[in-house]
Structure formats: C-alpha cells, structure tokens
Amino acid sequence: MAFLYIFFGVIAIAASVIVSALLGLTVFTYYRRYPLRHIPSPPISNYILGHITDLAEYSRNGKIMGDFALDCAKEYGHIFVLHFLWISNVICLTPSAVKEILVTANFPKYSWTYSHLHTVLGSRFMGNGLVTEMRTERWARNRALFNPAFHRSYLKTCLNQFNMSSDLLIKELVGRSDGETEVVMLEEFNKVGLDIIGKVAFGTDLGIYSGGSKPFIDAVTCSLRALSDAFRRPWLAYNPLPSAREYRKEVANSCRFIRETGRQCIQSQIDMLQKGQPLSNNIIAYIIQTSSESGEGLPEMEEMLDEFVTFFIAGQETTANVLAWTLMELTQHPDIVYRLKTEIDAVIGDKDNVAFEDLSKLEYMMAVLKETLRLHPPASGSVRVAPHNCTFDGMKIPAGTPVVVFSYTMAKMEEYFQNAETYDPDRFLHDDDKRASMYAYFPFSLGPRVCIGQQFALIEARVILSKLLRKFEFKWVPGQSMGLVEETTVKPKDGCKCYLSAVL
C-alpha cells in the first residue's frame, strides 16, 4: 500500500510540474504575442505551436513558408503576423516596407536565424562571415576589405578562369551526351561552382575534375544537410541518443575538414607573400596583398576561414541553383532557347571563350537569369529586427519585433508583376516593368547588406550557360517533380534531370 501511495504521489507531482510548465508557457506565449494583437493573423489550431502546424502541412505538400505567406496575403493583406511558439514574425510584403527595412533604415539581422549558420549542431561553420556577422562596425570593416575584390573591374581579370572551369564541365558532360543518359544537372552545377570558387576566390584546385574532390564535396554535402536539420529540428543539437551524437560527430568532422582546407589555401598565400613571391590571381590573394600594402595587417585566420566557408557555401549554392532552375525553365520553353542561342551566336560567334565585353551584350540572357531569380530566388527572404517602433501600412510594429520580407512571395503577387506566375524574361527588357517592380524584386537582397557575390554569380552563370547552349541540347526527363525543396536554399526537388545531346 505504501508503494502505491509513493507511486501515485510521484505521478501527481510529475503531472503538476507538466501542467505548471504548460501554464507558464501559455502565459509567456500570450505575453509575447499581446503587443501584436492588432495585426491580422491567420487562425491557429494549436495555441502553443502557433502556425508551425500550418507550415508542416505546406511542407508535406511540397511548398515552403513563402507559399504560405502568399496565401495569407490574399486573405489578410500585405502586413500580417505569423506565430511560431513564442516567437512572432511580422511579414511585410509592400515595396515601401522593403525599402525601409533593407535600404533606408537597414534593420539589423535577426540573430536567432543566423546563429544556425554561425555554428551548425555545435561546430563552427560560417562563424562571423559577411552573411552572419551581427556587429555593424565589424561587418562594415570586413565588407570594405572585400568589396574591391568583388567589383566588376577585378572580376574581369578572372574571366579566363571562369571560361576554363566551364570547359571542364563541358568535357565532363560530353561522355554522357548520348540523348539517353540521365544527368542531374544540379549536381554538375554544384561541381563546377566549387571548381570556380576554389580557383577564382582562393587560387586552389580542389580536384573537382581530377578525381580528388570527393572528401571535400562530401563534407560540403554533409554540412548543408546539417544546416537544414538544425533549422527544422533545433533540438538535434542537444539530443543525447547515440545516433544523434554520431551524427553531430560526422558534422563536426565535415566542418573541420572544410575549414582545414581553407586554412591550407590561405596559409599558402600568406607564406608566398612573406617570401616575397608574386601571388596568383585570386580574391584571397588580392585581399592579403592589399591588406599588407595598406599597413592595416591581415585579418585573423579564423575570420578568413569564416569567409572561406561563406564564399564556398553561399557562392556555390546560389549559382548552382540559378542555373538548375534556368535550365528547368528552358526545357519547358523552346522559344526562349531559340532566342538565347540566336543571341549567343550573334555575340560570341565562333570564339572559344566568352570575353568580358561580351557579357553586357548578352541582354536577353541577363533577362532570362533575372526572370529565373524572380520566380526561383535561392534565398526566399530575409529576417530582420525592428530597431525602433515603426509603422507599415498603418500597422504599428514595436521595437524588437522580427520582420520578414519575402522576395519569393512578392515576385508571385499580381500587384507587382503582371502574369506573375508566367515565366517571361521580356518583362526585364521594358523600363516600365522594371520601375513597377522596384523594391518587390530583391533576389540578392538590397541596401548595404546586398549580396557581395552578385556580380560574381551573374558573370559565372552567363559564361556557363553560353557554353552549355552552344554545345548541347537539353531534354527534360519525364516523371520527375517540377517542385522545390528548401534546404538552406531553394532548389529543384529532383535536381533538374536532363538528357543531353550534342548540338549538330
């Protein structure tokens, strides 16, 4: 009998603790949401979870948060709030709000979102790179240091390498251009992206096309998968189960391998400088050289490693996704392919390489890439924090509130783009259309924290696409999904599988 009293007593205590915790969480959640009660919001089925259940449903149907926001905008207007546990995000889908948040006031980034990029499942990854650095003064210093190396005038000197890496991709694909072999083009674009960044940014050959790159590619793949897992399952970082511990160990080894590769690349350039040897033509060498000549001294090694990882992950993912989405659209629009090939023939002709002067003449190709970026931006949006009380469309937003702007969502709204769901590159050839879409189109973000690699990515994409379309015909493999998946970036769900045939 005494045992039963003890047993039921323990059960009662445990139940009271759980009830008290739930009550406390409910009160805390109400307290956090109360200042935003005046802003429209979709109904929630679970008070504690908020709209997490809605997002889970969208995910099961092959959609992402940007799609949920688009549906909400149709019913609740362009300013509304979504709740995730006790964190409430105000979604802002007006050009005036975007201008204020990203450009005029340049709201600070939301630290919780970017903490998953700084450290992935307990291992330092992007650290305090340009994407993740929260401290304004330090970010501004590093941005000023890197800006000249990403200017068109410097990238012009690297165009030969863009061409050479593209030729390696062509050579790799020739053996599979029989019109019957499935080629997952996203994987191929990831490989050539790594090759280009390794050589142009860090002066190193990662062995992408010589068989020595598998460990590095595996490490990048593992770390990116871990990033997605960390966003979807934040408790994974603390899960005590053996399988979770083993996974974290695998991720730690991958992050360590990537950073150690970077350390070797950077140190070799520093050693050459100290020996008085001329540095090769690459971005990190340019930064090391200019830092030395300015007398400011080199950034700390860990800082440069943060940038190494940032450039590889952000740069490779961005361009690979844009090219895969573009190719997917082109296989559905033969008329656009015809116009592209006509322009390529007129601009490049029989030349082996794309010259820097050719890039500005590929006007229709640029419109094609911009249209791809409109419908399929690599990053669906940006999360910032209101630094002060502000008002958008009559909605008062308290200081400290996370605010979200979605390029992915606004690009699909008829208010900003006519026939928004239609893939139509011509819209970027008309000045009226471009003015109408100002501050509704920002695939590389806007304002002071606009993506530093924007020109790098667009140069790379034009060179690769020009060479591919001169060499191959692409046919969409039937049966694959036309959908998307958001794994850190937004990419084609099935990787854009194609049959390749040589151009006759």
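Among the residues of segment 113-126, count how many are crowded, with 20+ Cβ neighbours inside 10 Å and either of a type in the set (S, T, N, Q) or touching a strand residue (DSSP E or B) at 6+ places or on another chain (Cβ under 9 Å) (or both).
Step one: list which residues in segment 113-126 are crowded, with 20+ Cβ neighbours inside 10 Å, which gives 116-117, 120-121, 125-126.
Now narrow it down to the ones that are either of a type in the set (S, T, N, Q) or touching a strand residue (DSSP E or B) at 6+ places or on another chain (Cβ under 9 Å) (or both): 125-126.
Of the residues in that region, 2 qualify.
Could you check, for segment 264-272, whether at least one of its residues is out of contact with any Phe, Trp or Tyr (no Cβ under 8 Å at 6 or more places or on another chain), under 27 Å from residue 144 (Cβ atoms), modelled with pLDDT of 85 or more and not small (Gly, Ala, Ser)?
Checking segment 264-272: at least one residue is out of contact with any Phe, Trp or Tyr (no Cβ under 8 Å at 6 or more places or on another chain), under 27 Å from residue 144 (Cβ atoms), modelled with pLDDT of 85 or more and not small (Gly, Ala, Ser).
Quick check on my filter: what residues within segment 200-213 are more than 10 Å from residue 168 (Cβ to Cβ) and under 23 Å from the mean Cα position of the chain (by Cα)?
From segment 200-213, those more than 10 Å from residue 168 (Cβ to Cβ) are 200-207, 211-213; that's our starting set.
Across segment 200-213, the qualifying residues are 200, 201, 202, 206, 213.
The rows are residues; the columns are (1) assigned to a helix (DSSP H, G or I); (2) touching a residue at least 40 places away in the same chain (Cβ under 8 Å); (3) surrounded by fewer than 15 Cβ atoms within 10 Å (Cβ to Cβ).
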site	(1), (2), (3)
271	yes, no, yes
291	yes, yes, no
299	no, yes, no
311	yes, yes, no
319	yes, yes, no
329	yes, yes, no
336	yes, yes, no
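Rundown of residues vs (1) surrounded by 15 or more Cβ atoms within 10 Å (Cβ to Cβ); (2) within 25 Å of the chain's Cα centre (by Cα); (3) β-branched (Val, Ile, Thr), yes/no style:
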| residue | (1), (2), (3) |
| --- | --- |
| 448 | no, yes, no |
| 460 | yes, yes, no |
| 473 | yes, no, no |
| 491 | yes, yes, no |
| 496 | yes, yes, no |
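Kindly indicate which of 485, 477 is among the β-branched types (Val, Ile, Thr) and either within 19 Å of residue 352 (Cβ to Cβ) or modelled with pLDDT under 90 (or both). Even if it seems obvious, please write down each step before you answer.
Working: 477 fails: either within 19 Å of residue 352 (Cβ to Cβ) or modelled with pLDDT under 90 (or both).
It is 485.
Name the one entry in 101, 91 that is buried (at least 21 other Cβ atoms within 10 Å of the Cβ), out of contact with any His (no Cβ under 9 Å at 6 or more places or on another chain) and in contact (Cβ under 8 Å) with a residue 12 or more places away in the chain.
Residue meeting the stated conditions: 101.
Residue check: is residue 189 of a type in the set (Phe, Trp, Tyr), crowded, with 17+ Cβ neighbours inside 10 Å and under 19 Å from residue 323 (Cβ atoms)?
On the way: of a type in the set (Phe, Trp, Tyr): yes; crowded, with 17+ Cβ neighbours inside 10 Å: yes; under 19 Å from residue 323 (Cβ atoms): yes.
Judged against the criteria, residue 189 is a match.
Need pairs with beta-carbon distance below 9 Å; first residue of a type in the set (A, V, I, L, M) and part of a helix (DSSP H, G or I) and within segment 127-146, second at pLDDT 85 or above and loosely packed, with under 13 Cβ neighbours inside 10 Å; sequence gap 6+ or separate chains.
140/448
Can you report the number of residues in segment 438-464 which are touching a Ser or Thr at 6+ places or on another chain (Cβ under 7 Å) and either among the aliphatic types (A, V, I, L, M) or in a helix (DSSP H, G or I) (or both)?
The number of residues fulfilling the criteria is 5.
Of all residues being part of a helix (DSSP H, G or I), touching a Ser or Thr at 6+ places or on another chain (Cβ under 7 Å) and at pLDDT below 90 in segment 25-52, which is surrounded by the most Cβ atoms within 10 Å (Cβ to Cβ)? Just the residue, please. Please lay out each step first, then the result.
Within segment 25-52, the subset part of a helix (DSSP H, G or I) is 25-36, 52.
So of that shortlist, the ones also touching a Ser or Thr at 6+ places or on another chain (Cβ under 7 Å) come out as 32-33, 36.
Now drop any that are not at pLDDT below 90, which leaves 32-33.
On the way: 32: 14, 33: 17.
Among residues in segment 25-52 that are part of a helix (DSSP H, G or I), touching a Ser or Thr at 6+ places or on another chain (Cβ under 7 Å) and at pLDDT below 90, the one surrounded by the most Cβ atoms within 10 Å (Cβ to Cβ) is 33.
Looking at 110, 58, which is the one that is surrounded by 16 or more Cβ atoms within 10 Å (Cβ to Cβ), in contact with an Asp or Glu (Cβ under 9 Å, 6 or more places away or on another chain), under 30 Å from residue 414 (Cβ atoms) and not acidic (Asp, Glu)? Spell out the reasoning first.
Details: 110 fails: in contact with an Asp or Glu (Cβ under 9 Å, 6 or more places away or on another chain).
From the options 110, 58, the qualifying one is 58.
Out of (1) part of a helix (DSSP H, G or I); (2) in contact with a Lys or Arg (Cβ under 8 Å, 6 or more places away or on another chain), what's the single condition that is false for residue 403?
(1)
Scan (1) in contact with a helix residue (DSSP H, G or I) (Cβ under 7 Å, 6 or more places away or on another chain); (2) surrounded by fewer than 20 Cβ atoms within 10 Å (Cβ to Cβ); (3) modelled with pLDDT of 85 or more for the single condition residue 174 breaks and write down its number.
Checking residue 174 against (1) in contact with a helix residue (DSSP H, G or I) (Cβ under 7 Å, 6 or more places away or on another chain); (2) surrounded by fewer than 20 Cβ atoms within 10 Å (Cβ to Cβ); (3) modelled with pLDDT of 85 or more, the one that fails is (1).
The values are calculated or read from the model by the stated rules, or taken from the named source; none is laboratory data. These figures come from a predicted structure and were not determined experimentally. Please note: Cβ atoms are built from the backbone with ideal geometry, for glycine as well, and neighbour counts cover all protein chains shown.
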